[in-house]
1. May I ask you to list the trypsin sites (Lys or Arg not before Pro) in segment C:140-199 that are in a DSSP loop and have at most 14 other Cβ atoms within 10 Å of their Cβ?
2. Between segment C:1-19 and segment B:94-167, how far is it from one alpha carbon centroid to the other, in angstrom?
3. In degrees between 0 and 90, to the nearest 10, how far off the longest principal axis of chain B does helix B:140-161 point, with axes built from Cα atoms?
4. Per residue of chain A, what 222 nm ellipticity follows from adding -39500 (n - 2.57) for every DSSP H run with n ≥ 4, rounded to the nearest 500?
5. Against the globular-protein guess of 2.2 N^0.38 Å, express the Cα radius of gyration of segment C:95-228 as a ratio, rounded to two decimals.
6. Comparing C:Leu171, C:Leu106, C:Leu58, which has the greatest mean-square fluctuation in the GNM of chain C with Cα pairs linked when under 10 Å apart?
7. Counting pairs of alpha carbon atoms under 8 Å apart in space and at least six apart in sequence, what relative contact order in percent does chain B give?
8. Students often check this: by mean Cβ neighbours within 10 Å, which of A:129-140, B:86-97 ranks highest, and how do the rest follow?
Amino acid sequence: MPLLAIEGLSACYGRLKVLQDVSIDVEKGGVVALIGPSGSGKSTLLRALVGLTKPTSGLVRFGDETIRYDSAASLRAARRRMSIVFQQYNLFQNMTVLRNVTVAPVMVQRRARATVEAEARDVLAKVGLAGKHAAYPDQLSGGQQQRVAIARALMLRPDLLLLDEVTAALDPELVGEVLDTIRTLAAGGMTMIVVSHEMGFVREVADTVVMMDGGKVIEAGTPAELFDHPKTERAGAFMAKVRRP
Amino acid sequence: MDYVLQFGQVAGQVPYLLGGAVVSMELAVISFGLGAVIGLACASLQAYGGRVARGVAGAYVGLFTNTPAFIQIYFLFNGLPEVGVLLPPFAAAAIGLTLVAGAYLAEILRGGFASVRRSEVEAAEVLGMSRLQTIQHVVVPHLLRTLFAPLSGFFIWMVLGSSISALIGVEELTGRAINVSSATLRSIEVFLVAAVIYVGLTIAATALLAGVGRFAFRVRMKVI
Amino acid sequence: MLALLAEQIPRFFTWSNVAFLAGAAGTTLLLTALGSGIGAAAGLAIVLVRTSRGRLLLPLRAAAVLYVEVFRRIPFIVVLFIVLFSIQAVAPDASLFTIAVIAICLVSTAFLSEVIRAGFDSVPRQQLEAAAVMNFPRWLVVWSVILPQAWKVVLPPAIAFLVMFIKDTALASQMGVVELTFVGKTLNNRGFSSLLVFGTVMLIYFAISWPLARLGRSLEKHLAPSRH
C-alpha cells in the first residue's frame, strides 16, 4: 500500500480548472518529482494536499485514512503528517532562526522546550546553519533562509515532505547548498514530493517523475523512462525544451 | 429608570433637521473649498518657499492641527468681540473651519507632492516633454490619483467636523438637533435621528465621490 | 489690548489658576489615555471578530462591520449627547467623566479597529499560510505572528488618532467635564481676556499634541517594514 494515494484530484480557481483528475501514488521512502511548465498545476497540487487550495473532487488517502478537506479535525491530522516548504520560504520575519524552527513543536505539538531546542540544534547543524540560531530571517541569504524553512518542516517529524520549487527564488550560486540538503534527506529515507525545474537533480534523486501540464498528469514513470524515452508527444516536446541550455 | 423611546414628536421635526443637514454640507463645502486654496498655498510655500515663508506656513499648520478646532471657533466667536470684531455664528464657524481645513489640506497636499517620484518626472523629460507638458501629463494626473482618496476622506471628516459650529449657535444639523432636544425634551431620540442623518449623508457623499473618482480619475475607492 | 494683557497676566498666572489649569490638563490626558487604551483593546476585539471564520459567527461579523461604519460616520459631539442622555436616563448618578470616557471609547474603538485591521492586513499572507499548515491555533497566529509584526504598521496612524482624540476631548467641556477647554471657558467668564485664556489653553494643547504628532511621524519613517 502506498504511503499517500492521490485519486482523481481536481481543483478550481473560480472557473479556471487548475487540477483535473490527478492520480499519483507515493511509496514510503520514495521521492516523487513533479515537473512541467509554469502554471501546469504542480504547486497547486502540493497546496491542495495540505488544504491551502480546497480540492473540488477526488480522494487523498494517507495510509488507510482518507483526508476530508471540509473537516478541520481531519485536515489538522493530515497536516500533522505532512510538512510543506514553500518557494518563498515563508519564514516568520519576527522570529529568530531557532524560534522559527521550534515554535510549532513547542506551542502546537506541546513537546518539551529543552528537548525540542536540543533537536533543533542538531537539525540546524545538519542543514549547515549551526552558527545562525540567533539570526533573523532578513539577516540571512536566500539559500540560508530556505534551509531554515526545510529545518522547520523537519522539526515537525513529518511522514511526508512537500518541497515546492524550493530553489526557484534563489540566486544560482545558492541553489547547490539547498539541493545538497535535499539529497541528504533522500538518502536518509525521507518520503518526498518535490516540485523542481532542476532536471539534473530530479533525475538523480527521484524514483518517480510525473510530468504535468494544464492541471493534468501527462506522463509518469522512472526518470530514465521520462527523460530518455518519453511516450507522449507533449512530454517529448517539454524534455527537448528543458534539455536545451 | 425605565426610559421608553418615543419618536413621535421628533418625526415631525425631520424636515427641519434635514434642512440643518443642508447647512452642514454648506459649511463643509465652503471650508473645504477655501481651505484647499490655503492648503495649496501653504504646501507650495513649504515645498518651494524661502526660509521665512516655510517657517510661517509650518507654524500655521502646526498650530491648527495640534489644537482643538472647537477652541479656535469659540475664540473667533467669543474672543474677537473683545477687540471689536463681531462675527455672526455662521461666519465665525466658516472662518474657523476654513482655517482648520487649510492646515490639514496643506499636510495632505504636501504628502502628495512628496509622492511624485523624481524618476517619473525624469523619464518624462527624457521622452522630450517640456516642463509644462510634464506637469500637465505626468504630475497632475499622478497627484489626482494619489490624492483623490485622502481628499475625499477629509471632506467627509469636514462634514462631521462642521458639527462643532452648533456649540456657538449655528443652526446646522447638530444645532437644530439641540434646538429640537430642548423644545421636546426627547433628547435621545433627536440625537439618534441626527446620527442616522449623518450616517446617510456621509455614505451618500462617499458614494458620490467614489463615483466621480472612478469615472474621472480611474481611482477605486471603497464606499463601505 | 496689550495694556489689558499686561494688566491681567500677573493676576492670571496665580498659583490657584495654574493648579486649576494643570488639573484640567491632567483630566484631558486621562480622558485621552482611557479612550485610546480601551479603544485599542476593543478595536482589537473587533478585528478578531471580523477576521474570524465560520458561519456561526457571521451575525457577529456583520455587527462588527456595522459598528465600525456607523461610528466613523457620526460626529463626536452627537455621540457624546446620545451617551449623555441615554446614561442619565438609566443611571442618573453616573459621573460626567464616566459618560465622556464611554463616548470617547465608542468612537475610538471604531477608528482604532480600522487602523489595527490595516496592520493585520500588512502581515504577508505567506506567513499565515505557513502557520496554517503547521496547525497553529488562531490565538497563536495572532499572538506570535501577526501582533509582533502588525504593531509597526499600527502605531504611527494610531498615534495620529490619539492626537485627534486629545482634541475631541475638548468637546466634553460642553457637558461640564472639567478638562482644559472647560477651565478656559470658566476663566474667560471670570473676566480674563479670551486672548490670554484661550492662548494659554491652546498652548497647553499644543504642548501635549505636537510632540506626539512628531513622534508618530518619525515612527512612521523608522518602522517602515523591510520587504524582500
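1. Details: sites: C:Lys152, C:Lys167, C:Lys185, C:Arg190; in loops: C:Arg190.
Taking segment C:140-199 and a limit of 14 other Cβ atoms within 10 Å, the loop trypsin sites (Lys or Arg not before Pro) found are C:Arg190.
2. Here the two parts' Cα centres lie 43 Å apart.
3. 20 degrees
4. Details: 9 runs with 97 residues, N = 245.
Helices in chain A give a 222 nm mean residue ellipticity of -12000 deg cm²/dmol.
5. Values: Rg = 20.4 Å, N = 134, 2.2 N^0.38 = 14.1 Å.
Relative to the rule-of-thumb radius for its length, segment C:95-228 sits at 1.44.
6. C:Leu58
7. That works out to 30 percent.
8. The packing order, highest mean first, is B:86-97, A:129-140.
The values are calculated or read from the model by the stated rules, or taken from the named source; none is laboratory data. Source: prediction; values computed, not measured. Note that we place each Cβ from the backbone using ideal geometry, even for glycine, and neighbour counts take in every protein chain shown. Areas reflect the complete protein model, heavy atoms only, side chains present, ligands, DNA and RNA absent. Shrake-Rupley method; radii C 1.70, N 1.55, O 1.52, S 1.80 Å.
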